[in-house]
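Student: Take this structure, written in structure tokens, and hold onto it; I'll ask about it next.
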Amino acid sequence: MMNTFLRSSCLATLALSMLVTTTGCEEGFGSFWPGKPVYPDDMPLRPEQVLSFDLLYQAQCAGCHGNQGKGGPVAALNDPLTMSIMPEDYLIKVISHGVNPDDDPEIAKTLGVEEILMPAFSRKLNGMLTDEQIMILAKTLKQGPPSWLNSDHDQDTSSDASSENTKEKQGWDTSELPSKLPTYLISEAPKGSARRGGELFATYCGSCHGPEGDGGPGMVGGSVVEPGYLALVSNQYLRWVIIAGRPDLMEKNGMPGYHDLPDAKGQSLTDQQISDLVSYLSSRREQWATNPTPV
């Protein structure tokens, strides 16, 4: 009985000592506990609390569009021509809903694919971004990027640096763009002809991609009619690339835009000619027995 009492007393004393010690440390040393943030600003942000364009872009977009909006596997966003002709509401929709057959019924009918190229980023569609974050990305890109997007050097993506850079909108330099710009949305462009497009392709694109787009020995550009490639890109994307080219890859024999093709003789391609080229490339798609695997 006495041993039980002593044991209970010792445990109670030990617990009280630990409580006093803990309280004393809290009062004496504040919040300096291992792993515990010291200041409110050190508290990690929840994903939906990130409102910096820089951080959102690096986390969600850079993997495909490149760290500075160029040099990625898909067409550049860091391009004044693209941002001058791409409607803001369309940009918001693409970020939110992704690129899917609803945007391009023709390719959906041909391939029967469920998703093409870009997934939906909206939380409403199982993505990662809130409506506010999507608006930040779209509006910042349309208005003109933060200074780091135009830099060829690695950037500080810390919260402070990102917040400061986001405030420094430079605006897009459109001084070298043609006075009349082509229509971006394929739904608003003239209907194309694959026959005319084939002739145009041989004239304007054949010197790099071959007369029929198959590439080959001595060609600067590769094939643009590979079944796997055409299965993963929409007609809208083809129109975008024909218009904007890949200026971000010019140092690597990249592709000129519609107004700077080597055989254009000073004349930019018209809306109709761009539509014809898209129709030709689209006609080279193959019917897949099974859905291709998106990348």
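Student: So if I check each of Pro101, Pro80, Pro40, Pro44, which one is modelled with pLDDT under 90 and touching an Asp or Glu at 6+ places or on another chain (Cβ under 8 Å)? Talk me through it step by step, then tell me what you get.
Tutor: Numbers: Pro80 fails: modelled with pLDDT under 90; Pro40 fails: touching an Asp or Glu at 6+ places or on another chain (Cβ under 8 Å); Pro44 fails: touching an Asp or Glu at 6+ places or on another chain (Cβ under 8 Å).
So the residue among Pro101, Pro80, Pro40, Pro44 that is modelled with pLDDT under 90 and touching an Asp or Glu at 6+ places or on another chain (Cβ under 8 Å) is Pro101.
Student: What are the residues in the range 176-222 that are part of a loop (DSSP other than H, G, I, E, B) and among the polar types (S, T, N, Q), if any? It would help to see each step written out before you state the result.
Tutor: Taking the range 176-222 and keeping what is part of a loop (DSSP other than H, G, I, E, B), we get 176-185, 189-193, 210-222.
Hits for the range 176-222 are Ser179, Thr183, Ser193.
Student: Take Gly228 and decide whether it is surrounded by fewer than 16 Cβ atoms within 10 Å (Cβ to Cβ), in contact (Cβ under 8 Å) with a residue 40 or more places away in the chain and outside any loop (DSSP other than H, G, I, E, B). Give the derivation first.
Tutor: Working: surrounded by fewer than 16 Cβ atoms within 10 Å (Cβ to Cβ): yes; in contact (Cβ under 8 Å) with a residue 40 or more places away in the chain: yes; outside any loop (DSSP other than H, G, I, E, B): yes.
When the stated conditions are applied, Gly228 passes them.
Student: Looking at the range 162-180 only, could you name the residues that are surrounded by 11 or more Cβ atoms within 10 Å (Cβ to Cβ) and modelled with pLDDT of 50 or more? Show your work before the answer.
Tutor: Going through the range 162-180, the residues surrounded by 11 or more Cβ atoms within 10 Å (Cβ to Cβ) turn out to be 162-166, 168-170, 172, 174, 177-178.
Residues satisfying the conditions are Lys169, Gln170, Trp172, Thr174, Leu177, Pro178.
Student: Let me ask something else. Just give me the residues in the range 62-87 being surrounded by fewer than 19 Cβ atoms within 10 Å (Cβ to Cβ) and hydrophobic (A, V, I, L, M, F, W, C), in sequence order.
Tutor: Hits for the range 62-87 are Ala62, Cys64, Val74, Ile85.
Student: Among the residues of the range 219-244, which ones are over 15 Å from Leu261 (Cβ atoms) and small (Gly, Ala, Ser)?
Tutor: Gly222, Ser223, Gly228, Ala231, Ser234
Student: What tally of residues in the range 237-266 results from selecting those that are at pLDDT 80 or above and assigned to a loop (DSSP other than H, G, I, E, B)?
Tutor: Restricting attention to the range 237-266, the residues satisfying the condition of being at pLDDT 80 or above are 237-246, 248, 255-260.
Adding the requirement that they be assigned to a loop (DSSP other than H, G, I, E, B) leaves 245-246, 255-260.
Result for the range 237-266: 8.
The values are calculated or read from the model by the stated rules, or taken from the named source; none is laboratory data. Everything quoted here is computed from the prediction, not taken from an experiment. Glycine also receives a Cβ, built like all others from the backbone with ideal geometry; neighbour counts cover every protein chain displayed.
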